[in-house]
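A quick write-up on the structure given underneath.
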Amino acid sequence: MTSHVIVAALITSLLAVGCTKMTGVPATIPQKAVIETVETDADRLLDYYSYMSELQGEPLIREYNRVQRLFNEEPNDRNRMQLIMLLSSQSATFRDTNAANVLLEIWLGDQYNNYSKLRPLALLFDNYLTEVRRLDDAIGRQASMLGKTTERAARQKKELNAEKKRTAALQKKLDALLEMEMNLIEREQITAPDAQ
C-alpha cells in the first residue's frame, strides 16, 4: 500500500514538474466571460413590433383580431402594449391612434404601473403617439388650407368663365355693330353717286 502511495506521489510530482517546464502554454487558460441575458417583456415587445411592422394586408388584420381577442380575454400589460402597437401601425387599415392613446393613457394613469418594467416602453409610445397626433393635426390644417385654396381657385375659374362669356357676347355685339356700320357706309356710297 505504501508502494502505491509512493508511486502516486512520484507521478504527481513528475506531472507538476512537466507542466511547469512547458513553454508558451499559460498555467491557466483564460475563459471568455459568458453573460447570459434574460429577455424582458420590453425586449419581447420590441421583437413583436419588428414582427408586426412587416405584416401587411390580411395577415395584419388577422394579427389585430388575434391580439384584440387576447386583450379582451386577458387585459394584461403585454397584450395591451401589443394592441397599442397594432392600433398605431402606419400601414393598418384599422389604424386608430385615438384608441391606442386611450389604452395607453389608462395604463400610464394607474399608479401601480409606475414601477412596471414596461413603463419606459409605454412612455416611448406615448411620445410617439403625441408626435403622430401633432403631425395629423398639421396635415389636417394643410388639407383645410388646400381645400380653401381649391375652392377659391374653382370660384375664380367660374368667374373667369363667366367673364369670357360676357366678353364673347360683347365681341359678338361689337362685330354686329361694325357690320351694320359697314353696311350703312356701303349704302351711302351706292346712293351717293346716284345723287350727283
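Since every read-out is calculated from the coordinates, none of them should be taken as a lab result. Being a predicted model, the structure only gives us computed values, none of them experimental. All Cβ positions, even for glycine, are placed from backbone atoms using ideal geometry, and neighbour counts span all protein chains on display.
Below, the figures for the structure above:
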| read-out | value |
| --- | --- |
| Criterion: touching a Phe, Trp or Tyr at 6+ places or on another chain (Cβ under 7 Å) and part of a helix (DSSP H, G or I) - qualifying residue of A162, A122 | A122 |
| Hits in segment 76-97 (condition: farther than 24 Å from R119 by Cβ and either outside any loop (DSSP other than H, G, I, E, B) or more than 12 Å from the chain's Cα centre (by Cα) (or both)) | T93, F94 |
